[in-house]
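The block underneath contains the structure these notes are about, expressed in structure tokens.
No lab work stands behind these numbers, since they all come straight from the coordinates. Computed from a predicted model, the values in this text were never measured in an experiment.
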Amino acid sequence: KGQSITGIAVKDNLVYVSSTARNGKGEYEYPDLSPQIIVFDENKKEVVETVAPDLPVVGTNAKTIGDISFGPDGLLYGAVADRDGLIFAMDPETFEVVRYVSLNPGFEKVPQARQAYLRWGDDGLLYTTCGWNVYVVNPFTMNYKQLAVNCSLMTLDHNGNLWYSKGAYVFNRYINQFDRLQGFLNI
């Protein structure tokens, strides 16, 4: 009750689901609720765990866990797009948040109904719209670099190039292998 699904990640026979306590208009219909991670066992056909992660509060009240995805290190990564843009990495068994970074600290824009997105590049880096800009994040150090501003939609194509939108316009940023190895891996 009071939760909407915002992200899905699958590992082995377990389906991890993230949620928001906002309604479809981006409003807090149930202000006392926190976002959750729900774990559904495909074999048992039942929910085996429901957790409200202990997220670091960095100038936000974290009412939405957006996209979730498993990283190359086996951790479950999540994007919290409320104001500061929090990326966190959580142990999928203990649900302990082991790493996090605020991508846009002190950001004053009101949280939107749209969730933040996570995309893994073939370079092992995490690309995200968390914080309402496009960032690339090194999942091991949590260092990051801003690639584009004022964006809420983005994806990577089959060649690893970045596509993002600003208003009604779509932009492409060619990301070659040299850029990834020399620039992004140093973040």
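When the chain is fully extended, how far beyond the present Cα-Cα distance does Asp41 get from Val98, taking 0.36 nm per residue of separation?
18.2 nm
Relative to the present Cα-Cα distance, how much length would full extension add between Ser4 and Val48 at 0.36 nm per residue of separation? Please list the in-between numbers first.
Values: separation 44, 0.36 × 44 = 15.84 nm, distance 1.83 nm.
Contour length minus Cα-Cα distance gives 14.0 nm.
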